[in-house]
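The values are calculated or read from the model by the stated rules, or taken from the named source; none is laboratory data. What you see is a predicted model; the values in this text were computed from it and never measured. So basically every Cβ, Gly included, is an ideal-geometry build from the backbone, and we count neighbours across all protein chains shown.
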Amino acid sequence: MKLYGAVEAGGTKFVCAIGTGPDDAMVSRPIPTREPEETLAEAIGFFAGRKIKRLGVGSFGPLDLKRGAISKTTPKLAWRGVPIRSILERALDVEVRVDTDVNAAALGEHRWGAARGVDDFVYLTVGTGIGGGAMVNGRLVHGLSHPEMGHQRTPGEWRGVCPSHENCLEGYACGPAIEELGGDRTAEYLATCVINLACILSPRLVILGGGVMKTPGLLDRVRARLREETYIPLPRVVRPKLGDRAGVLGALALAQMKLRADLSRDHALGRSVRGVK
């Protein structure tokens, strides 16, 4: 059996896995996200001596997808410009594919979770930050870069807690925002986000994951607000079936993807043409 590797590279912790899917995945203990050198060394150590065909990485961002590197605009200063793909490829002598953590989670939910059989959907994670990945016609959405759904501008009377700009969804509805501003309007902000996504992408399904969505009654309040919208058809809104494992299992799915020839120029997987097999 061919085994694959996965790294969920989060802003607070890394999680590694080896296997083929949810049933046989051997998952590491959480690795605290520290300085790049020591964090990546610990992740590399997990795979030492274990033969894998390919490695998928779902990472915090923003990302430079073409280089498979952390963008120089990331708020995690020590990680700016870190070339995750090339570091892991050199250390493990294996092909590495890199995408955002939320795109990876979307991919995992599509293959094994709540979006099985649904080719048009959005995965949104609401936690310490907010991010989203979208699939249209069975393909993850990429363009100039990757979607930044958590930073869609959102009207409000506060600046919000986002360090990059005022009045964005993350600034109002992420975990730190709720702690500072209160959570009275969280359902309203998230429902507005779902409506915006429906207007732009017309997904059949929106999956709301992340720690904030574990708040009792929050999902019900989002659904109640959505029932007030009558102009456009709205998607079903559900929890992730894979739960907290969506990210690392999605990275495993990323490693296993069979890329069609017309995707060989797609920088979304953090691979060059020569790296596509």
Selection from the stretch 142-163 of residues that are under 15 Å from Val122 (Cα atoms) and touching a Pro at 6+ places or on another chain (Cβ under 8 Å): His146, Glu148
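Which of the residues spanning the stretch 93-152 are hydroxyl-bearing (Ser, Thr, Tyr), more than 20 Å from Arg204 (Cα to Cα) and modelled with pLDDT of 95 or more?
Thr100
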Close pairs (8 angstrom Cβ cut-off, 6 or more residues apart or separate chains): more than 19 Å from Thr33 (Cα to Cα) in the stretch 78-97, surrounded by fewer than 16 Cβ atoms within 10 Å (Cβ to Cβ) anywhere: Val94/Lys53; Glu95/Lys277
Close pairs (9 angstrom Cβ cut-off, 6 or more residues apart or separate chains): assigned by TED's automatic domain parsing to the domain that holds His151 and basic (Lys, Arg) in the stretch 181-208, modelled with pLDDT under 95 and surrounded by fewer than 22 Cβ atoms within 10 Å (Cβ to Cβ) anywhere: Arg185/Gly156
Close pairs from the stretch 43-70: first more than 24 Å from Gly81 (Cβ to Cβ), partner surrounded by fewer than 21 Cβ atoms within 10 Å (Cβ to Cβ) and modelled with pLDDT under 95, Cβ under 6 Å, at least 6 apart: Lys53/Lys2
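Within the stretch 74-109, take every residue that is among the charged types (D, E, K, R) and surrounded by fewer than 16 Cβ atoms within 10 Å (Cβ to Cβ) and give me the one that is nearest to Lys258 (Cα to Cα).
Asp93
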Tally, over the stretch 244-277, of residues that are part of a helix (DSSP H, G or I) and at pLDDT below 95: 10
Failed item in (1) under 13 Å from Arg245 (Cβ atoms); (2) under 20 Å from the mean Cα position of the chain (by Cα), with Leu55 passing the rest: (1)
Test: residue in the stretch 186-198 that is modelled with pLDDT under 95, polar (S, T, N, Q) and surrounded by fewer than 21 Cβ atoms within 10 Å (Cβ to Cβ): no
Test: residue in the stretch 232-242 that is surrounded by fewer than 17 Cβ atoms within 10 Å (Cβ to Cβ), modelled with pLDDT under 95, more than 30 Å from Pro83 (Cα to Cα) and assigned by TED's automatic domain parsing to the domain that holds Gly143: yes
Answer residue from the stretch 8-39, given it is in contact with a Leu (Cβ under 7 Å, 6 or more places away or on another chain) and among the hydrophobic types (A, V, I, L, M, F, W, C) and is surrounded by the most Cβ atoms within 10 Å (Cβ to Cβ) among those: Ala17
Among the residues listed as Ile44, Ile70, the single one being over 30 Å from Glu179 (Cβ atoms) and either surrounded by fewer than 22 Cβ atoms within 10 Å (Cβ to Cβ) or out of contact with any strand residue (DSSP E or B) (no Cβ under 6 Å at 6 or more places or on another chain) (or both): Ile44
